[in-house]
Amino acid sequence: MWNSIIITNQQRKNEDIKKVINGKNSSIVIKNFLKKEDCQKIIEKISTMNIERDSKKFNHIGPFLMNYITKKEEYFDSAEEANEIFKKIFLNVEDPINKIKTTISKFFPNYEVSETKENNRNYASCTIRRHTNGKSIPLHKDNVSYEGVEYQVSKINKQLSCVLHLQETEKGGNLSIYNKQWEKKLERHREVEFGYNPIVKKNIVVDTIKSEIGDLVIINPNYLHEVKKIQGNSDRVTLGIFFGIEENTKKIFSWA
Ligand SMILES: O=C(O)CCC(=O)C(=O)O
Ligand SMILES: [Fe+2]
């Protein structure tokens with residue numbers, strides 16, 4: 001059935017990740033992954049730090065590789081700055097980046113999570129996204145092997161996306177994930193700005209994930225997905241990290 005595997009961190013089973021990779025299930029949702037108080041501390045910290053947004057349009061903290069497909073130097077400059085800011089943001093809480101990395105590495109016992117570097121420069125360790133009332137994320141996929149060919153991380157075999165929910169909405173902002181993998185022929189439905197024409201999700205089975213503060217959601221981002229419009233006064237704030245699985249070297253890379 002196309003639904004989420006809902007667990008706590010203690011109930012984690014290695015086979016769960018395979019079910020998400022091969023599309024037996026839509027996602028893994030790890031409830032209360034980060035303590036609610038830690039999420040709140042992170043939100044408070046961000047609001048007091050007066051951080052310059054990576055892009056006014058996206059309201060992100062930290063660069064998002066897909067926005068830098070042809071601007072590699074700028075991506076790594078921006079990643080360097082952002083990684084320092086993230087260290088400050090997480091100073092007084094359990095570090096969510098390390099916690100997510102540890103969890104992913106446990107799913108792959110024979111793999112090693114490696115520092116992701118390119119020409120000695122670090123990738124962004126995560127992105128924090130804030131979506132306000134009325135915002136949504138259009139139907140899309142994330143596939144660095146296809147879209148990020150300028151970057152080393154594009155050489156991976158499998159990609160996962162992890163989203164930690166730092167602040168929940170009052171209403172709306174659910175993640176919808178469709179039981180349909182992106183394939184090259186869908187490119188003819190590509191929208192000018194971003195994502196795909198809604199026609200590609202017609203008659204496709206969907207799972208809707210309503211996340212609560214502290215939840216970690218893991219998906220195979222090659223399955224088409226979107227975030228519905230945020231309603232109410234509370235912003236949807238998330239922390240996102242991608243992971244790449246490289247089979248021949250048994251390495252796992254992370255970036256944002
Ligand atoms: O914010 C979300 O729930 C999903 C974001 C997204 O597009 C992804 O994780 O690839
Ligand atoms: Fe995505």
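With 0.36 nm allotted per residue and the present C-alpha distance subtracted, the residue 10-residue 208 stretch has 68.9 nm of extension available.
Could you name the aspartates and glutamates whose alpha carbon sits less than 14 Å from that of residue 251, not counting residues in the same chain fewer than 8 places away? Of all the aspartates and glutamates, those that pass the test against residue 251 - Cα under 14 Å, at least 8 places apart if same chain - are 112, 115. Placing a pseudo-label 7 Å from each Cα along the Cα-to-Cβ vector at residue 102 and residue 72 gives an inter-label distance of 3.5 nm. Applied to the range 9-16, the Karplus parametrisation 6.51 cos²θ - 1.76 cosθ + 1.60 on θ = phi - 60° returns per-residue 3J(HN,Hα) values of 4, 6, 8, 4, 10, 4, 5, 4 Hz, with x for Gly and Pro. For residue 184, the aspartates and glutamates whose Cα comes closer than 16 Å to its Cα, not counting residues fewer than 8 places off in the same chain, are 142, 147.
Using alpha-carbon positions, what is the distance between the centroids of the range 146-208 and the range 218-256, in Å? The range 146-208 and the range 218-256 have Cα centres separated by 9 Å. Cα-Cα over 20 Å: which of 101/250; 101/135; 171/229; 71/180; 180/228; 18/101? Correct reply: 101/135; 71/180. Give a quick list of chymotrypsin sites (Phe, Trp or Tyr not before Pro) in the range 1-73 that DSSP marks as loop, anything other than H, G, I, E or B, with at most 10 other Cβ atoms within 10 Å. Taking the range 1-73 and a limit of 10 other Cβ atoms within 10 Å, no loop chymotrypsin sites (Phe, Trp or Tyr not before Pro) are found. Gain on full extension, evaluated as 0.36 nm per residue between residue 111 and residue 158 minus their Cα-Cα distance, stands at 15.6 nm. Each label was represented as a point 7 Å from its Cα along the Cα-to-Cβ direction; for residue 80 and residue 44 these points are 3.4 nm apart. Database remark: amide H of residue 172 closer than 5 angstrom to the amide H of 231 (H placed geometrically; neighbours at sequence offset of 5 or more, or on other chains; Pro and chain starts carry no H).
Quick note: the coordinates plus some simple rules give every number you see, no bench work behind them. Model, not experiment: these values are computed from the prediction. We place every Cβ from the backbone using ideal geometry, glycine too, and count neighbours over all the protein chains shown.
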